[in-house]
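Quick notes on the structure that follows.
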Amino acid sequence: MIRAVRFVGDTLFVSLSDGREVILLMGRVEWLAWLAKASPQQRSKWSI
């Protein structure tokens, strides 16, 4: 289960309930490329 999501630059960090963290470079993941270009306000409305 996802516990938290945070953005640092063009990197997306997804913290999982079991302690693991998934790190995605949004510019390198085709289906997240739009999110790399999104404003902080647009990112705050995004959900998984």
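Which residues, taken from region 3-39, are of a type in the set (Gly, Ala, Ser), surrounded by 10 or more Cβ atoms within 10 Å (Cβ to Cβ) and not in a helix (DSSP H, G or I)? Within region 3-39, 4, 15, 38 qualify. Each residue in region 4-48 was checked for being touching a helix residue (DSSP H, G or I) at 6+ places or on another chain (Cβ under 7 Å) and of a type in the set (D, E, K, R), and 2 pass. For region 6-29, the set of residues classified as small (Gly, Ala, Ser) and either touching a Cys at 6+ places or on another chain (Cβ under 8 Å) or under 16 Å from residue 46 (Cα atoms) (or both) consists of 9, 15, listed by residue number.
FYI, it's all coordinate maths here, none of it is from the lab. Owing to the predicted nature of the structure, the values given are computational and were not obtained by experimental measurement. A quick note on method: Cβ atoms are made from the backbone with ideal geometry, for glycine too, and the neighbour counts reach across all protein chains shown.
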